[in-house]
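The values are calculated or read from the model by the stated rules, or taken from the named source; none is laboratory data. Nothing here was measured: the structure is a model prediction, and the numbers come from that model. Using ideal geometry, Cβ is built from the backbone for each residue, glycine included, and neighbour counts are taken over all protein chains shown.
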Amino acid sequence: MPSPNIYINPFTDFGFKHLFGTEPNKILLQHFLNELLYQEQGRIVDIQYLNTEHLGSTAPDRKAIFDLYCTNERGERFVVELQKTKQKFFKDRSLYYATFPIKDQAQKGDDWNFELAHIYTIAILDFVFDDDKHSDKYRYDVKLTELETGEVFYDKLTFIYLSMPKFRKSLDELTSNFDKWLYAFKHLSEMDTVPNELNEQIFLQFFESAKIANFSPSEYKSYEDSLKYYRDLKNSLDTAREEGKEEGRVEGRAEGRAEGRAEGQIEKQFEIAKNLKALGLSFDLIKQSTGLTYDELFKL
């Protein structure tokens, strides 16, 4: 059924890449990165999108494609990712992905002195970390630090995680352009007009680019397919999560809460895996999302 919304959902693959990953809209990504990083690295004058196909030296590595990979006029690298669902070992994954822009800077020959440009990994998350102990903290800035002093030991590797469900500011609470970006991104598909608080040139371009009515027939079909995939994935995970909680409660009453939750969780991991398999996801992604082994997945 056609979407009744005025603006696209930026949490879909198509929506995210259309708004931030196309040449006509790269000013949007540049402005977002400037607002995200201005305190640390100053103003980005220009960005260029980079090809990711050559990054990996092995077949598995070449499948590790980023949503967006770009550089600026100083040669600094930016990996910008949208993560729609929780994945087991997600932090390990983001660290692993950061090695690709490192290797991408290697120079052939004996004269290279190993100097590297700064690498930023920016992940926009449509979920909350399981081990998150901070109810109101939605932005995490991570660097290599010396534990005793707390001082930054190496400043050229930065990870920024934005947990969007925890960004709860209303329009009248937006105090910076960065706040406005997060609000516009989170609520875009819910709005039918541009709020007065976002009536600035950069955000007007953002909303104009997000209008579904401006799409060509092929773009509209691609968006609808991407939206259906997003909804199916989200509904499957939400349903499995709720059923897992309920089953855990039932088992807990019968056999003890701890044991019931554990057994219910294991069974629900298999249920989630079955649903994701039916959606056509790869075994690699299903394994990351559920924690099941390849042997267990092959038996589904």
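Points to keep in mind about this one:
- Filter pass, Asp110 being assigned by TED's automatic domain parsing to the domain that holds Thr158, more than 16 Å from Asp67 (Cα to Cα) and touching a residue at least 24 places away in the same chain (Cβ under 8 Å): no
- Some residue of segment 101-122 being under 14 Å from the mean Cα position of the chain (by Cα) and under 25 Å from Thr290 (Cα atoms): yes
- Residues located in segment 17-34, provided they are of a type in the set (Val, Ile, Thr) and modelled with pLDDT of 95 or more: Ile27
- Checked against (1) of a type in the set (A, V, I, L, M); (2) buried (at least 18 other Cβ atoms within 10 Å of the Cβ); (3) touching a Lys or Arg at 6+ places or on another chain (Cβ under 9 Å), Val80 passes all but a single condition, namely (3).
- Residue within segment 149-164 that is within 22 Å of Asn34 (Cα to Cα) and assigned to a helix (DSSP H, G or I) present: yes
- There is at least one residue in segment 61-71 that is touching a Ser or Thr at 6+ places or on another chain (Cβ under 7 Å) and at pLDDT 90 or above.
- Hits in segment 68-93 (condition: outside any strand (DSSP E or B) and touching a residue at least 12 places away in the same chain (Cβ under 8 Å)): Glu73, Arg74, Gly75, Glu76, Lys84, Thr85, Lys86, Gln87, Lys88, Phe89, Phe90, Arg93
- Residue list for segment 136-176, filter: surrounded by fewer than 19 Cβ atoms within 10 Å (Cβ to Cβ), among the polar types (S, T, N, Q) and under 23 Å from Tyr120 (Cα atoms): Thr145, Ser176
- In summary, Tyr230 fulfils each of the numbered conditions (1) within 18 Å of the chain's Cα centre (by Cα); (2) free of Cβ contacts under 8 Å to residues at least 60 places away in the same chain; (3) assigned to a helix (DSSP H, G or I); (4) within 17 Å of Gln83 (Cβ to Cβ) with the single exception of condition (2).
- Complete set of residues in segment 113-128 that are without any contact (Cβ under 8 Å) to a residue 40 or more places away in the chain and within 22 Å of Asp67 (Cα to Cα): Val128
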